[in-house]
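Chemist: Have a look at this one.
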Amino acid sequence: MLREKGFNTFVIVGGLAAWRKAGEPVESVPENDLVKLPTFS
Amino acid sequence: MNLLSLMARHGYALTFCLLLAEAIGLPFPAAIALVAAGAAVAAHTLWGPYVLLAAVTALLLGDTVQFWLGRYMGWLLLGFLCRVSINPETCILRSAESFYKRGKVTLVIAKFIPGVNTMAAPLAGSMKMRFWQFLRLDFVGAMIYSLTYLLVGFLSRDFLKVVLQGFHAAGRAMEAVVVAALVVYAVYRVVQYRKHRMYRVVPRVQVQELAARLASEDAGKVQIVDVRSHGYYDSGGARIKGSIRIEPNNLEEELKHLSKDKDIYLYCT
């Protein structure tokens, strides 16, 4: 869909796991981006 | 030894083991076992209440294990369970969406929905449902699921005999039914696989290639985008440094955060 909208898009092979495995830098997910799952309790 | 004679000799144990296997997340179409058991009940080689007991006990046991694993392992377990799926991302999203949308009652119907069946119990655990409430709903679901397929097997036995008169024995007929069901299941998986292959039209880049680009003067034209579902975002989670997150289920709205002047590199887990 992104490509249909004109964005030049690529997919990183292996995702975050491959990125970490290659020793590339990561950072903590900001609190604002955390979406808590609903709970039944 | 055909399935019916196997059912006649070890029917209760077989039913128990096959349903337990499905309940703990193995990709086995246990409904076929129930249909075969239903046919065995119709042939008076098995006693219905015992078969039902074996089936429901196995399902409850497996689901209970999954519930507690979900409680303590959360999304890690869901991700693991979805690894056997053709599209793990879709598997998690579909299951989670269904659960959110329908609420706790999902447990009652979950076993009939491919993808959701193995996810419902760990989702219930992850979402802190009270165990006894989970057990009550799961019991109802296990009963409905087991009775439905046992009944199908029970009622279809005579029908199948008429349709498949050319076969030497009912056991052969049941084998054919089982094979046909497996073929249908395989075709379904192939169709699903082909459907999801369309995602592969997007060019793929290796980590090293992207890292090299980030280290070059060209880095300003790169935007790394995290498209994991929020379920992956357990507290303390990590992401690629400098990446932004967009919600894949709300893509139209999220496009506002992206620039067409940059190359977009998407990643998930």
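The values are calculated or read from the model by the stated rules, or taken from the named source; none is laboratory data. Bear in mind that the values here come from a model prediction, so they are computed numbers and not experimental data. Neighbour counts run over all protein chains shown; Cβ positions are idealised from the backbone, glycine included.
Chemist: Search region B:37-61 for residues that are closer than 13 Å to B:Ala142 by Cα and pair each with any residue that is among the polar types (S, T, N, Q) and part of a helix (DSSP H, G or I) when their beta-carbon atoms are under 6 Å apart and the residues are at least 6 apart or on different chains.
Modeler: Going by the 6 Å Cβ cut-off, the qualifying pairs are B:Val51/B:Thr15; B:Leu52/B:Ser146; B:Ala54/B:Thr15; B:Ala55/B:Thr15; B:Ala55/B:Ser146; B:Val56/B:Ser146.
Chemist: Show the residue pairs that are 6+ apart or on different chains and have beta-carbon atoms under 7 Å apart, the first residue being within region B:235-247 and in a strand (DSSP E or B), the second being among the aliphatic types (A, V, I, L, M) and modelled with pLDDT under 85.
Modeler: B:Ala238/A:Val29; B:Arg239/A:Val29
Chemist: Give the residue that is surrounded by the most Cβ atoms within 10 Å (Cβ to Cβ), with candidates limited to residues of region A:1-18 that are facing another protein chain (nearest Cβ under 7 Å) and out of contact with any Lys or Arg (no Cβ under 9 Å at 6 or more places or on another chain).
Modeler: A:Leu2
Chemist: I'm trying to understand the selection: among the residues of region B:228-250, which are under 24 Å from the mean Cα position of the chain (by Cα), at pLDDT 70 or above and under 17 Å from A:Arg20 (Cβ atoms)?
Modeler: Hit for region B:228-250 is B:Arg228, nothing else.
Chemist: How many residues, within region B:114-134, are surrounded by 17 or more Cβ atoms within 10 Å (Cβ to Cβ) and either on the phi < 0 side of the Ramachandran plot or touching an Asp or Glu at 6+ places or on another chain (Cβ under 8 Å) (or both)?
Modeler: Total meeting the criteria: 14.
Chemist: Among (1) more than 15 Å from the chain's Cα centre (by Cα); (2) at pLDDT below 85; (3) not in a loop (DSSP other than H, G, I, E, B), which single condition is B:Val140 missing?
Modeler: Of the numbered conditions (1) more than 15 Å from the chain's Cα centre (by Cα); (2) at pLDDT below 85; (3) not in a loop (DSSP other than H, G, I, E, B), the odd one out for B:Val140 is (2).
Chemist: Return the residues of region A:19-41 that are modelled with pLDDT of 90 or more and more than 7 Å from every other protein chain (Cβ to nearest Cβ); say none if nothing qualifies.
Modeler: A:Arg20, A:Lys21, A:Gly23
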